[in-house]
Amino acid sequence: MSIPLTPIDLTGSVMGQTGKISLNSVGVSAGGPPAHPSVTIQPAQLLIYNESGFGLRLSFGNSSNGIYCPAGAWFALPLPLGENELDYSIVYGLASAAVNQLLITYFASGEKISVASLGNSPIGGSLSVSSGQTFFLATPFQIFNNTSLTNGTTTNVTCTGIGGIPTGATAILLSVYFIGQAGTFGTFTPQGVTWSQANYPLIGLIVNTGNTLSGNLTVPLNTTNGQITVGAQGGNISGMFGQIYGYIF
């Protein structure tokens, strides 16, 4: 039989705050009694509704195994044997969320979770994250698609407010490759900054015309407009492809 835990009120929480959720109240003293003979195949589960504007890091007390839980997430979390405590820490917060409750229901081993579908709560709000956090996108966002640049020219690219990258991000994690002429290298700077003597990242040099170069870069953004400047030096760039796979806020 499913057993709801006491709701956790996250109202007023701040980034970095931690808490502990004991499972003793539902009779879980050592990972839960095995109600199914194949307990390792069908473990007890915790049905989690993060009905809050806070992104959480959840981890078990003994093993420290954990998972990130986005604001508004609904999902089932298997309960490992020997665990009877779930710890949480606040990673980020969404301002003005309508509710801030963490709701957890315990399901014994082999018990079917009686929920038609799991997804995300429409909690709304605007992003408020502690500085210096790095986030990875579930789906990388393409910003270069067969882009060409003539030697000595640059182009400005907007990287925030699109593809899941929020306004206010300070840098992007970028994977890029391109084809170019012999001696060509690509430069990547915050928009408005002139590249000079490796002051910001570059990819190069191309040895032979038609060669392909690739690399992964952390590129600071112009935090006023969320843009970067990309340039070609030493020769022409053709066929540039690039995707943002994360950002720093």
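The values are calculated or read from the model by the stated rules, or taken from the named source; none is laboratory data. Computed from a prediction, not measured in an experiment: that's the story for all the values here. Backbone-built Cβ (ideal geometry, glycine too); neighbour counts: all protein chains shown.
For (1) over 30 Å from GLY234 (Cβ atoms); (2) free of Cβ contacts under 8 Å to residues at least 40 places away in the same chain, each residue gets a yes or a no:
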| site | (1), (2) |
| --- | --- |
| PHE136 | yes, no |
| GLN142 | no, no |
| VAL157 | no, no |
| GLY164 | yes, yes |
| ALA171 | no, no |
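Name the single residue, out of those in the stretch 194-224 being farther than 21 Å from TYR177 by Cβ and out of contact with any strand residue (DSSP E or B) (no Cβ under 7 Å at 6 or more places or on another chain), that is modelled with the lowest pLDDT. The selected residue is GLN197.
Filtered by the rule that a residue be within 20 Å of SER196 (Cα to Cα) and exposed (fewer than 15 other Cβ atoms within 10 Å of the Cβ), the stretch 156-177 gives a lone residue, ASN156. Sub-7 Å Cβ pairs linking a first residue in the stretch 63-87 that is free of Cβ contacts under 8 Å to residues at least 60 places away in the same chain to a second residue that is of a type in the set (D, E, K, R), at least 6 apart or interchain, are SER63/GLU83; GLY66/ARG57; TYR68/ARG57, ordered by first then second residue.
Taking the stretch 144-249 as the region of interest, the strands (runs of 3 or more DSSP E) fully inside it that hold 2 or more residues being under 30 Å from TYR92 (Cα atoms) and outside the structural domain of TYR92 (by TED's automatic domain parsing) are 154-158, 171-180, 185-190, 212-220, 227-233, 237-248.
With the condition kept exactly as written, say whether any residue in the stretch 230-249 is among the aliphatic types (A, V, I, L, M) and modelled with pLDDT under 90.
Within the stretch 230-249 (the criterion being among the aliphatic types (A, V, I, L, M) and modelled with pLDDT under 90), the answer is yes, since at least one residue qualifies.
Looking only at the stretch 178-222, residues that are surrounded by fewer than 17 Cβ atoms within 10 Å (Cβ to Cβ) and touching a Ser or Thr at 6+ places or on another chain (Cβ under 6 Å) come to 2 in all. Within the stretch 48-71, the presence of at least one residue that is farther than 30 Å from PHE249 by Cβ and loosely packed, with under 15 Cβ neighbours inside 10 Å is confirmed. The stretch 15-126 holds strands (runs of 3 or more DSSP E) entirely within its bounds, and those carrying 1 or more residues that are at pLDDT 65 or above and of a type in the set (S, T, N, Q) map to 18-22, 45-51, 54-60, 85-95, 101-107.
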